[in-house]
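Below is one structure; the comments refer to it alone.
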Amino acid sequence: MPGLGTLWPYIIQGLAFGAVYAVTGTGLVVLYRTTGVVNLAFGAIGTMSAHIAWSIMGGSLTKPNPHGDGIRWFGYPMLVIASAGLTLLYGVWIAPKLSRRDPLVKALGMVAVALFLLGILKERWDTSKPRGLPIPKRTFKVFGAIMTTTQLAALAFSLLVVVLVSLFLTKSSTGTAMRAIANEREVSSLLGVPVRRIEALAWLGSGVICGLVYLMLPDLFNGLDQGILTWFVIGALAGAIVGQFRSLWTTFFASIVIGVVESGLAAFNHGTLKFLGVYRKMTPFIIAVIAILWISRRRTVVLAGREMQ
């Protein structure tokens, strides 16, 4: 059994991963509450945008950019712009055509987008060569554990996003309209709420969050691995499921816990508990299943005007 001194570096790393899970979960929850769509293409869009930024920066981890620092630094905002543009394009072109379909059809539409983008990634960029986004960072010690400015930025950014989005949904007229559409889309439309415009804003916001997440994520994973970054969203879904795709704060804290537990299990690399480290990637899925079972433990069905459990 590893001691606290052994676990502490893994906890620090887990806080950063949990924070990125939390920001991703926030983007998923806000979009779902407004449009009813689970954005399973979140990771594919972010990965595509990160590769576009990588190409703008010169496409090399070690060689200087032949176009100069001005072009290299343009890659960072371009990542966010590309992510927001791709997400908004789907939101205004394809999503309205599926607005009246079942949630499963909407989710499959996002899976199709993810597979389409992943195919482009495999065809356009050579996966055998190492790739990464050169983000300036520093390291410092926290109670003896090494922490990077990227990890600290992920923690601060996740908390900032949850606070700002919560205030936006509860205090602004647009946020109120988003919540109204989530509850009663048809009634909101009859009352004069510009449904298409509000939904487009939700797609745009989700895309911006995606771009900001993927500014940090390649550094946390030490490279642009197309498979890992594309399907990172599946792990992030666990926090949103615990929050029942409604509560941003529950999603935030659940995501932090998932990140810390998943990273902490990596310390179990020998002895009888070695299997915990081997299967640590299952942590989000196990927690999601437990949450689903807990949420549905007292399911109520209305039959002939009477509630039955």
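Each reported figure results from applying straightforward, stated rules to the coordinates on display, with no laboratory input. These numbers come from a predicted model, not from an experiment. Glycine also receives a Cβ, built like all others from the backbone with ideal geometry; neighbour counts cover every protein chain displayed.
Quick one: is Leu276 touching a helix residue (DSSP H, G or I) at 6+ places or on another chain (Cβ under 6 Å), without any contact (Cβ under 8 Å) to a residue 24 or more places away in the chain and of a type outside the set (Gly, Ala, Ser)? So Leu276 passes the test. Scanning region 228-246 for residues that are free of Cβ contacts under 8 Å to residues at least 60 places away in the same chain and more than 14 Å from Val289 (Cβ to Cβ) turns up Ile228, Gln244. Applying the criterion of being in contact (Cβ under 8 Å) with a residue 60 or more places away in the chain and either of a type in the set (Gly, Ala, Ser) or surrounded by fewer than 19 Cβ atoms within 10 Å (Cβ to Cβ) (or both) to the residues of region 73-87, the residue that is nearest to Thr47 (Cα to Cα) is Ser83.
Looking only at region 264-275, which residues are assigned to a loop (DSSP other than H, G, I, E, B) and surrounded by fewer than 20 Cβ atoms within 10 Å (Cβ to Cβ)?
Asn269, His270, Gly271, Thr272, Leu273, Lys274
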